[in-house]
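Here the structure comes first, spelled out in C-alpha cells, and everything after it is commentary.
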C-alpha cells in the first residue's frame, strides 16, 4: 500500500482511544448511559408544546401545533405542556409509564448561536471563560472516573470519535448505519496490523480492529434477518436496536448523533418535515428501550440533547432560526416516581417578557449542572469525582433516579 492510501484507510479505521486505567465508581455497577445529540438545533417548542400559552399561538401562526383535541393536536402531559403528536405511539407510552421526562429551558450559556461553536462547547463540557482543550470531552472524563473502581467501556456509534469521547480513557467508535460496507477488508486489516505490530501504536491498532470485528459479529445475524425489510438510512430505529444490544451486552457509556434539525424553512406543525423527523427519532428511542429488555432498561438512562433551541417566533419562511434554550429528554426504566412522567426543572412563563433577548427560551437549567446531578445519582460520584468531569460546577439534583 502506498503511504497516502494507508493514511486514508487508517482515517476510516475504528481505532480505540488511548488506553487508560480500567478500574468504576462505587455505584456504577450495571448502569448504562446513552447520549443522543440532535445536531442542528431542533425546535423544542414544537416538541414540548406550551399549549396553555396564548403567546405560543400568537408567535407561531403557521407552525404552532394545534391544541389538544384538535386535528393533529398536542398530547397533553399536564395542564401546561403537551407532546408533539408524532410521538403518540412511541415516547408517549414511555412517559405514561414514568419512563420518560422532559426538561425545558435547558442548555448552555454559550451565546454564539453557531452550530459548530455550541456543539463543541457542549461536548467539551468545559468552562466558557477558559481556553478550550479539545483533547478532553466530558463523556471521556466520566469514563475515566468510572474506571477508578472497575472496568467501564465507552463507544460512539459514529464514523469518527466525537469530541465528547476524546481523552485518555478507552473509547471505541463505529457507525452502525454503515455496517456491512467496510472501508478496510480483512486482508488490509492484517497488513495494517503487521505494519504497526512492533511500534508503540501496535496495541491500539490491534484493539481497534478487535472492537470492530466484535461489533460486526454481534450484528451479522440481525442484518441477515432484516435484509428483506431493511430500513432507509434516515430510519433511526434499526440503528437504535443495534446500539441497545451492544450496550446491554458490553458497553457502559454510549454516544450517537442524529442530524437534520436545522429547520429554517417549512418545518411544519403537527405534520410536515419536523414531525417526520420526530417520528423517526421516537421509533428509535422506543426501539432502544424495547431491545434493552426490562432488566437492562431499568439500569439505563438515555439523554436526548441539542446544541440549542430555536427562535420562539416563526420566521418568514415557515421555519425557525437559531435560538438559545432547548428541551432535554431523559428516559429510562428506573426513573424516580417524582421524575418519570413529569416536566422537570426550573421553568418560566411562556410570554414575551420571559423571552431571552426578546427571541428565545432562556437557559435556566445549565447542562453541566444537570448532567452532574444525574451522574451523582447514577454512579454515586463524590464531589471530587464530579469535579473531574465538570470542573467547578455545582450539580443540579433533579432527583431523576
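Coordinate-derived values only; no laboratory data. Predicted model only: the values in this text are computed from it and were never measured. Neighbour counts run over all protein chains shown; Cβ positions are idealised from the backbone, glycine included.
By the count of other C-beta atoms within 10 Å, a proxy for reagent exposure, 55, 105 are ordered fewest to most as 55, 105.
What is the fewest-to-most order of 279, 307, 70 by other Cβ atoms lying within 10 Å of their Cβ? Each step should come with its number before you reach the end.
Values: 279 20, 307 28, 70 11.
The order, fewest Cβ neighbours first, is 70, 279, 307.
The order of 111, 281, 401, going from fewest to most other C-beta atoms within 10 Å of their C-beta, is 111, 401, 281.
Contour minus end-to-end for residue 78 and residue 336, with contour as 0.36 nm per residue of separation and end-to-end as the Cα-Cα distance?
Working: separation 258, 0.36 × 258 = 92.88 nm, distance 1.79 nm.
Length gained between residue 78 and residue 336: 91.1 nm.
With Cα atoms defining each centre, segment 110-177 and segment 236-294 are spaced 20 Å apart in the structure.
Once both labels are positioned 7 Å from their Cα atoms along Cα-to-Cβ, the gap between residue 298 and residue 175 label points is 3.8 nm.
Multiply the residue gap between residue 67 and residue 357 by 0.36 nm, knock off their C-alpha separation, and tell me the result in nm, one decimal place. Mind dumping the intermediate values first?
Values: separation 290, 0.36 × 290 = 104.40 nm, distance 2.70 nm.
In short, 101.7 nm is gained.
For residue 315 and residue 195, a Förster radius of 51 Å and the Cβ-Cβ distance give a FRET efficiency of 0.45, rounded to the nearest 0.05. Between residue 112 and residue 276, residue separation times 0.36 nm minus the direct Cα-Cα distance comes to 56.2 nm. Here the peptides 355-362, 83-90 are ranked by packing, the mean other Cβ count within 10 Å, and the order with the highest first is 83-90, 355-362.
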